[in-house]
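Okay, structure first, notes after.
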Amino acid sequence: MIGFWIITGIVSIGIAIGLIWLYWAFVVNSSKKRGTKPQDIVVYILISVLCIAGAGFFGNWYLYSTASGQRTRISWQSEISLGLERNVQVFSATGEKVFEFSGRFDIDQDEQRILLDVYTEGKVERIYISAPAGVVIIRETQNSE
């Protein structure tokens, strides 16, 4: 998730630079005695648009061309749509299937447990799978695009 904060910072800086250029063109330069020439305004607007477009291009590149960006997109999609369509299977240490569930759910995990928030018919059910359960396999069953 650190990549998300890096991209947010870079995009924010690009937008801020663009807005500062616009402020400089219309407020600071206009208040000087000589005024702002029309060609200066065009240059300031062009630089602002390039900074903002560059920040947008970089953000788009990050989200669609890097592994951490794709994980971020899937995480956003899961947050917005109350989980993703997935299939979970839990196997014991001997290899027999103990539990299986398919549906829309969100996952939270730590070293002690796996928590599944299952969304069915407007209700949220929590399923806890403790750490010594054996092998847990979770697959997405729909495309995350």
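The values are calculated or read from the model by the stated rules, or taken from the named source; none is laboratory data. Quantities reported herein were computed from a predicted structural model and do not represent experimental measurements. All Cβ positions, glycine included, derive from the backbone under ideal geometry; neighbour counts span all protein chains shown.
Filter region 49-97 for residues that are among the charged types (D, E, K, R) and outside any helix (DSSP H, G or I) and give the result.
Glu85, Arg86, Glu96, Lys97
Just checking, does region 94-103 include any residue being surrounded by 13 or more Cβ atoms within 10 Å (Cβ to Cβ) and free of Cβ contacts under 8 Å to residues at least 24 places away in the same chain? Step through it out loud before you land on a result.
To start, the set of residues in region 94-103 that are surrounded by 13 or more Cβ atoms within 10 Å (Cβ to Cβ) comprises 98-99, 101, 103.
If we keep only those that are free of Cβ contacts under 8 Å to residues at least 24 places away in the same chain as well, we get 103.
Yes, there is a match, as at least one residue in region 94-103 is surrounded by 13 or more Cβ atoms within 10 Å (Cβ to Cβ) and free of Cβ contacts under 8 Å to residues at least 24 places away in the same chain.
Could you tell me which numbered condition Arg71 fails, if it satisfies all but one of (1) assigned by TED's automatic domain parsing to the domain that holds Thr8; (2) in contact with a helix residue (DSSP H, G or I) (Cβ under 9 Å, 6 or more places away or on another chain); (3) exposed (fewer than 13 other Cβ atoms within 10 Å of the Cβ)?
Arg71 satisfies every listed condition except (3).
Would you mind telling me which numbered condition in (1) among the hydroxyl-bearing types (Ser, Thr, Tyr); (2) over 30 Å from Ile6 (Cα atoms); (3) touching a Phe, Trp or Tyr at 6+ places or on another chain (Cβ under 9 Å) Tyr128 fails?
(3) is the only condition that Tyr128 fails.
Inside region 83-128, can you point out the residues that are small (Gly, Ala, Ser) and touching a Leu at 6+ places or on another chain (Cβ under 6 Å)? I'd like the intermediate steps shown before the answer.
In the first step, residues of region 83-128 are kept if they are small (Gly, Ala, Ser); the result is 83, 92-93, 95, 102-103, 122.
Matches in region 83-128: none.
Is there a residue in region 76-90 that is modelled with pLDDT of 75 or more, over 25 Å from the mean Cα position of the chain (by Cα) and over 20 Å from Ile10 (Cα atoms)?
Yes: region 76-90 contains one or more residues that are modelled with pLDDT of 75 or more, over 25 Å from the mean Cα position of the chain (by Cα) and over 20 Å from Ile10 (Cα atoms).
Out of curiosity, is Gly134 surrounded by 12 or more Cβ atoms within 10 Å (Cβ to Cβ) and in the same structural domain as Thr8 (by TED's automatic domain parsing)? Before you say what the answer is, go through the steps one by one.
Details: surrounded by 12 or more Cβ atoms within 10 Å (Cβ to Cβ): yes; in the same structural domain as Thr8 (by TED's automatic domain parsing): no.
Judged against the criteria, Gly134 is not a match.
Failed condition for Glu140, given (1) touching a Leu at 6+ places or on another chain (Cβ under 9 Å); (2) without any contact (Cβ under 8 Å) to a residue 24 or more places away in the chain; (3) under 28 Å from Ile7 (Cβ atoms), with all others met?
(2)
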